[in-house]
Amino acid sequence: MKPLRIDVISVMPGFFESPLQKGLLHRATEKHLADIHLHNLHDYGLGRYKQVDDTPFGGGAGMVLRPEPVFECIEKLLAERSYDAVIFMTPDGERLEQQSANRLSRLKNLIILCGHYKAVDQRVRERLVTMDISVGDVVLSGGEIPALMLMDSVIRLIPGVLGDSESALTDSFQTGMLDCVYYTRPSEYRGIKVPEVLLSGHHKKIEEWRNCNALARTLERRPDLLDEETLEELKNK
């Protein structure tokens, strides 16, 4: 199986060095299930100082990523291979959710552009970007942390990356609800006992308990995940 290739464009590619050498992302690349390439936007910068930003037209605070370095970098990549998506990490993008990660994990070639400074020149978004993704209603200093979140959420879904292939399929949000709670040894600790059903060995009853627990937790913590019909049924019980 051909690995998922991800090209990350950033003004701080060194930011990714440690995360890519440890944990899940490192394991995925070692197994040749993912192929991650970092590109320094300054390599395409203008002039002696490799400038990649400038002041915004119309005035105001902050700096804006210039279009020339971004166009040159992305067009170079597009000339080398076909990409399924050119993703821009931005607070005003589509919210990253589990279904988005599921969909992206089935693709073959992705470009992730990390924003920085105040904004990126709008012409980049109009001509090059095919997907805007946000990790929440919060502004960070750059798109590097969101890019790592996106890569982790996508790559962990690739078959063979996780030790237990079923683990990712039972995570929160995969079924439209939060996951249930879990316990491990010892069966009693500081006076708190594990629910008897989980010790019974009765797989059907355990599954029923987990489903009920997941539903109850979702109702308590994230009722917005449940449709109106389900909420109405729960109210009537």
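Computed from the coordinates by the stated procedures, all read-outs in this text should not be read as laboratory data. Bear in mind that the values here come from a model prediction, so they are computed numbers and not experimental data. A quick note on method: Cβ atoms are made from the backbone with ideal geometry, for glycine too, and the neighbour counts reach across all protein chains shown.
Read phi for every residue in the range 216-230 and hand back ³J(HN,Hα) as whole Hz from Karplus 6.51 cos²θ - 1.76 cosθ + 1.60, θ = phi - 60°, with x for Gly and Pro.
In residue order, the calculated couplings are 5, 5, 5, 4, 6, 9, 9, x, 5, 7, 9, 6, 4, 5, 5 Hz.
Would you pull out the residues with amide H under 5 Å of Asp53's amide H, same chain only if 5 or more places away, H placed 1.01 Å from N?
Amide H neighbours of Asp53, under 5 Å, 5+ apart: Arg66.
If you only keep lysine pairs separated by 8 or more in sequence, or across chains, how many in the chain come under 20 Å at the Cα atoms?
Lysine pairs, 8 or more places apart or on different chains, close enough: 8.
On a full-extension model of 0.36 nm per residue, what is the gain between Glu30 and Glu233, subtracting their alpha-carbon distance, rounded to one decimal in nm?
68.3 nm
Post the alpha-carbon centroid distance, the range 146-161 to the range 174-237, in whole angstrom.
Spelled out, the Cα-based centre of one part sits 26 Å from the other.
³J(HN,Hα) across the range 83-93 via Karplus (A = 6.51, B = -1.76, C = 1.60, θ = phi - 60°), whole Hz, x for Gly/Pro?
Those phi angles translate into 10, 7, 7, 10, 9, 10, 7, 8, x, 9, x Hz.
Around Lys22, under 13 Å between beta carbons, what's the net of Lys plus Arg minus Asp minus Glu among the other residues?
Once positives and negatives cancel, what remains is -2.
Sorted by packing (mean other beta-carbon atoms within 10 Å per residue), highest first, where do 46-57, 92-103 land? Can you show the working numbers first?
Details: 46-57: 12.7, 92-103: 14.6.
Going by the mean number of other Cβ atoms within 10 Å, highest first, we get 92-103, 46-57.
If you plug each phi of the range 129-140 into the Karplus form 6.51 cos²θ - 1.76 cosθ + 1.60 with θ = phi - 60°, what whole-Hz ³J(HN,Hα) values come out, in order, with x for Gly and Pro?
Per residue, the Karplus-derived 3J(HN,Hα) values read 6, 10, 8, 9, 10, 10, 9, x, 7, 8, 9, 10 Hz.
Quick one: check the C-alpha center-to-center distance for the range 103-121 versus the range 1-42, whole angstrom.
Answer, in whole Å: 13.
Counting other beta carbons within 10 Å of each Cβ, put Asp137, Asp84 in order, fewest first.
Asp137, Asp84
Using the C-alpha gyration tensor of the range 4-155, what are the square roots of 5 times its eigenvalues, in whole angstrom, with the largest one first?
Numbers: eigenvalues 123, 58, 45 Å².
Result for the range 4-155: semi-axes of 25, 17, 15 Å.
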